[in-house]
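Nothing in this text is a laboratory measurement; each read-out follows from the coordinates by a stated rule. Please read these numbers as outputs of a predicted model, since none were measured by experiment. When we count neighbours, we look across all protein chains shown, and the Cβ atoms used for this are built from the backbone with ideal geometry, even at glycine.
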Amino acid sequence: MKCSLFLLFISLTFSSVLARGGLSGSATTRLLLEENHSQNSNSVDKAKGYMSNYDLEQAVKEFGRRCSNISRIYSIGKSVNGFPLWVMEISDKPGVEEPEPAFKFIGNVHGDEPVGREITLLLANWICDNHMKDPLAKLIVENVHLHILPSLNPDGFALKRRGNANNIDLNRDFPDQFFPMNNDENARQPETRAIMNWLREIHFTASATLHGGALVANYPWDGTQDQRRNYYGCPDDETFKFLASSYSHSHHNMSLSKEFHQGIINGAFWYPIYGGMQDWNYIHGGCLELTLEISDDKWPNANELPTIWEYNKISMLNLVASVVKNGVHGRIFSSDSGRPIPGSITIKGINYTVKAGRAFADYYRLLAPGKKYEVIASVPGYRSKSTIIWLEEATTLDFILDPEETLEGNLLRSICDCSGGVTTKLVWGYHMEICFVLVIIAFLCFLLKRRTIFTLGKPRQSSKSRGLPEMSIGL
């Protein structure tokens, strides 16, 4: 059995050299990657006009200095060859945890698809230059924490090849839901582990990776159980189609594609891949991610970059803004203390759970508009509540949950809360009745004890004196 699974994994890995490409009428996938082609056989340097890794690092740091009032620069790790994986965070309070959604862009997942490196830097600088005058840029800075990783694969870029320094395709290196091979996280590439740790630290609502070789917005699932190419939608299929369509129709010409209807496609229907970042984000990170193919050429001439940027600018801004302009969001509170309580949000009929933030119990649930939804908030130890909404635009929906009505549960929660420093307010608030009963019981016990002591202290009357017959007791 293990041998057959291993052979299956080898087969999937070998087949994954295909990049996201188009399908002709005969449903034949285009091969977008061949190592010989990737090495650029002619004398023209493909990298001419593109930032080198050193140039990229300097550009990121310069952005941080120039826009320090709305940004911070940090690294999530290093590549195989030790190059830092730099991130630019953009917010009016960068580095501060707030009840706001987080969004991330990742570029250059494949080393020979460098357009994302350039486009993400252009996006960051444009927001910096326009956040005081452009409504969309202002909305993003004031209401979202935007994180931009221009290059996940700097080693692959330097080598002008798809894989990293170990020649591993990073978009096939994540844990997979259908073929759980290589579950040892330490055996994965350092770039992959950096992404996984990143999502453990930051609760991203949505994200997108930027690729090249086609012009389409791709959404989950990326794989199928039987490895066959067919449409395989995830629980949030309608929401993903809405997000992908929003990007495509904001784009200059993506929605006009003759290869992909409306410029969007389900990954498994295009062709299945396994170990992809997109599906892992959705399953394990609670993050709705799109894979965006933003240029027909994997490595276009550098003089095309300004045009590609203009074609994608509004789409990228709209996608980031969607985390506050669409869906339902709010916070979860406890009725007995008024404090935020981290819980989870589910939608009836959609088998997917969104967790609220730990510090503020805030949640952001992206949903396709124009529908009725039943939103359910749940917290262990509290009674769940649900509300039905008709969603047209972003809706704020806070939940106040009541503790479960068991004496043991309420007493236990009082004890736990008191140890946490919130004492008088909790006990004399919601649990005042219980405390009053306990005081009465204690007082009755005190009276009973005094009566018993008083009775035992009095001299006992003999049976004669009470007019009762004497009794002999045999020993």
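Over 22 Å between Cα atoms, which of Lys104/Lys313; Lys138/Lys355; Lys104/Lys348; Lys61/Lys104; Lys241/Lys371 qualify?
Details: Lys104/Lys313 15 Å; Lys138/Lys355 27 Å; Lys104/Lys348 28 Å; Lys61/Lys104 18 Å; Lys241/Lys371 14 Å.
Violating the 22 Å limit, Cα to Cα: Lys138/Lys355; Lys104/Lys348.
Exactly which trypsin sites (Lys or Arg not before Pro) in segment 95-182 are in a DSSP loop and have at most 10 other Cβ atoms within 10 Å?
Here the sparse-neighbourhood loop sites are Lys133.
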query: In segment 236-327, which trypsin sites (Lys or Arg not before Pro) are in a loop and have at most 10 other Cβ atoms within 10 Å, using DSSP for the loop call?
result: Lys258
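Stretch Trp126-Lys78 to full length: gain in nm at 0.36 nm per residue minus the Cα-Cα span?
This chain segment gains 14.6 nm when fully extended.
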message: Using DSSP to call loops (not H, G, I, E or B), can you name the chymotrypsin sites (Phe, Trp or Tyr not before Pro) in segment 217-311 whose Cβ has at most 15 other Cβ atoms within 10 angstrom?
response: Tyr231
query: Quick one: of the DSSP bridges fully inside segment 328-401, what percent are antiparallel, nearest 5?
result: 80 percent
message: Please report the net charge: other residues with Cβ closer than 14 Å to the Cβ of Ser255, K and R +1, D and E -1.
response: 0
message: Within 14 Å, Cβ to Cβ, of Ser386, how many net charges do the neighbouring residues add up to if Lys/Arg are +1 and Asp/Glu are -1?
response: +2
statement: Row for segment 91-148, column shape: gyration tensor on C-alpha, a ≥ b ≥ c, rounded if a/c < 1.5 i.e. under 1.5, prolate if a/b over b/c, else oblate; value oblate
